[in-house]
Each structure stands twice: as C-alpha cells, then as structure tokens.
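> To start, I am sharing the structure in question, which I have written as structure tokens.
Only the coordinates and a few stated rules stand behind these numbers; no lab work does. What you are looking at is a predicted structure, and each value in this text was computed from that prediction instead of being measured. Here the Cβ positions follow ideal geometry from the backbone for every residue, glycine too, while neighbour counts run over all protein chains shown.
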Amino acid sequence: MRVETVKVSEQKRQQILDTAHDLFLKKGFATTAMHQVAEQAEVSKRTLYRHFPTKEVLFAHVLGGLAERCVAQVNQTYQPDTPLEPQLRSLLHAKLEILADPAYVTLARIGIPEVLADPERAQQLTELLNATPGPLLHWLEAAAVDGRLEKKDVMYAGRHIQGILDTFAFWPQLLTGAPRLARNEETRVVDTALTTFLQQYTKKAST
C-alpha cells in the first residue's frame, strides 16, 4: 500500500513540474501563479505546497529536471579504479551540454532575469540552485568519501567548478544572446576547469 502511495505522490510531483515548465515558458516567472500551476496540474494547492513550498523552489526544480534529462544518457557514477581526470572531463562536457540545451537556455532566459530583478528572490534562487544535488555533486561526494578529494571542500569545490563553466558557457549566452561556444573553446574551458580543480581539491598524499 505504501509503495502505491509513493508512486502516486511521485506522479503528482511530475505533473506539477511538467505543468510549471509549460506555464513558465508561456507566461514568464513573475506572472505564473502557484494556484494556476495547481489548477492546470489537477492537484490541490496543499499537494503543490507540500512538494514545492515556494515558486522559487518550484522554478529551481524545473531547471534541475531539465538538467537531469540532458545528462541521463551519460554514465555519471564515480569509478574508484579510474583516474579522476577522465571521469571529471566527461562530467564537465555533460554539464556544458546542459548549459547549451535549447530548452534549458530558453527557460533560464525567461525566468532568471525576472528573479534577478528582486534581490531577495535572486539570493533565494541562487541558494536553491547551489544546494540542489546533481550528478556532479554526487560524484564529488563519492570521490571525497573514497579519500581522493578533500572532504571539507566538496560543496565549495562544486560551486567553484560550476562557476568556471557558467562564466564562459552560460551567462554570456543568457544575458547577451551569445552563441554556444565552438567545440575547441569548450575544450579549452573544460581544460581550465580541470586544471584548476585538480590542483586545488585533489587530496595530497600524507608525508
């Protein structure tokens, strides 16, 4: 019985996310109301707020869901017997695919500028996006538990490497309409991020 209840709850959660995605695209972030999401998703407002207590939380999860779909085909599992560099390189290229995905960019372009216009909302969304676990953070945590990365720096390390990618491959495209980076430019960004990351966060052998 509990399994069925969980399944129904997950189905409703996905209904909410799909509906919110469509409404954000159609109406924008500011003019999409939570009661409209509940009505069109055919769920109660109580159910909606149980899953997503604020519109900012809902928007962050919609973006996160798009990101997860973009990397679903890539093996993101940490491999303890494989060098860190090729694993992380694969992850970073997958992250660049997310940042360049038309559906992701379109939704971000609609929602994020509206949120940034309100400093309090901007801070909340930034914290939500940083706190949302994803394949990269899971990989970093596993590598840290395995003793190959500094444990105390995992969250900061994830934000650091994401910041490098965003600086070159997300914010210019979002805010100025710049085209996607050429493949050689993406490789250069990944190389820079890898070098910076591995030098700073790889656990040093004890002497």
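> Please give me the summed charge of the neighbours of Leu129: other residues whose Cβ is under 11 Å from its Cβ, Lys and Arg +1, Asp and Glu -1. Walk me through the numbers on the way to the answer.
Working: positive: Arg159; negative: Glu56, Glu127, Asp166.
Computed value for this residue: -2.
> Restrict the search to the range 26-110; then list the GluC sites (Glu not before Pro) that DSSP places in a loop and that have at most 13 other Cβ atoms within 10 Å of their Cβ. Don't jump to the answer; show the numbers that get you there.
Working: sites: Glu39, Glu42, Glu56, Glu68, Glu97; in loops: Glu42.
Filter output for the range 26-110: Glu42.
> Under 1.5 on a/c is rounded, so check that first for the range 77-154, then, if it is not, pick prolate when a/b is larger than b/c and oblate when it is not; a ≥ b ≥ c are the square roots of the alpha carbon gyration tensor eigenvalues.
Oblate, because a/c is 1.5 or more while a/b does not exceed b/c.
> Continuing with the same structure: Between the DSSP loop rule and a limit of at most 13 other Cβ atoms within 10 Å, which trypsin sites (Lys or Arg not before Pro) in the range 127-207 are left?
Values: sites: Arg148, Lys151, Lys152, Arg159, Arg180, Arg183, Arg188, Lys203, Lys204; in loops: Arg148, Arg180, Lys203, Lys204.
Loop-located and lightly packed - Lys204.
> Evaluate the charge dipole of the range 133-188 about its Cα centre and quote only its size in Debye, nearest 20, assuming +1 on the Cβ of each Lys and Arg and -1 on the Cβ of each Asp and Glu.
Numbers: 7 positive and 7 negative charges, 15 e Å.
Its charge dipole is roughly 60 debye.
> For every helix of n ≥ 4 consecutive DSSP H residues, a contribution of -39,500 (n - 2.57) applies; sum these over the chain, divide by its total residues, and give [θ] at 222 nm rounded to the nearest 500 deg cm²/dmol. The partial results should precede the final answer.
Numbers: 11 runs with 154 residues, N = 207.
Value at 222 nm, helices only, nearest 500: -24000 deg cm²/dmol.
> Also, I was wondering about something else. Starting from the Cα of Tyr49, step 7 Å along the direction of its Cβ; do the same at Ala122; then give the gap between the two resulting points in nm.
Using points 7 Å along Cα→Cβ, the separation is 2.9 nm.
> At a Cα cut-off below 21 Å, give the lysines reachable from Lys204, other chains included and same-chain residues fewer than 8 away excluded.
Lys151, Lys152
> Here is a follow-up. If each Cα of the chain is one equal point scatterer, what is log10 of I(q)/I(0) from the Debye formula at q = 0.13, 0.18, 0.19 Å⁻¹?
-0.81, -1.28, -1.36
> If you place +1 on the Cβ of every Lys and Arg and -1 on the Cβ of every Asp and Glu, how big does the dipole about the Cα centre of the chain come out, in debye to the nearest 20?
Working: 24 positive and 24 negative charges, 55 e Å.
Magnitude of the dipole: close to 260 debye.
> While we're here: From Cα pairs below 8 angstrom and at least 6 apart in sequence, can you work out the relative contact order of the chain, rounded to a whole percent?
21 percent
> Sticking with this structure for a sec: So for the range 51-123, averaging the separation of alpha carbon pairs under 8 Å that are six or more residues apart and normalising by length, what relative contact order in percent results? Let's see the in-between values first.
On the way: 28 pairs, mean separation 25.8, N = 73.
With pairs under 8 Å counted, the relative contact order is 35 percent.
> If you don't mind, there's one more thing I want to ask. Cβ under 11 Å from Tyr78's Cβ, Tyr78 left aside: what net charge do those residues give with Lys, Arg +1 and Asp, Glu -1? Mind dumping the intermediate values first?
On the way: positive: Arg148; negative: Asp81, Glu141, Asp146.
That works out to -2.
> Quick one: if the Förster radius is 22 Å, what FRET efficiency do Ala103 and Arg183 give, using the C-beta to C-beta distance and rounding to 0.05? Show your work: numbers first, answer last.
Values: r = 21 Å, r/R0 = 0.95.
Between Ala103 and Arg183 the formula returns 0.60.
> About its Cα centre, what dipole magnitude does the range 1-53 give when the only charges are +1 on Lys and Arg Cβ and -1 on Asp and Glu Cβ, stated in debye to the nearest 20? Spell out each step's value before the answer.
Working: 9 positive and 6 negative charges, 39 e Å.
The dipole of the range 1-53 has a size of about 180 debye.
> Putting +1 on Lys and Arg Cβ atoms and -1 on Asp and Glu Cβ atoms, find which of Pro172, Val145, Thr54 reaches farthest to the positive end of the dipole of the chain.
Result: Thr54.
> Which order, highest average first, do 18-31, 77-90 follow once you tally other Cβ atoms within 10 Å for each residue and take the mean per peptide? Provide the component values of the computation, followed by the final result.
Working: 18-31: 16.9, 77-90: 13.4.
Order by mean packing, descending: 18-31, 77-90.
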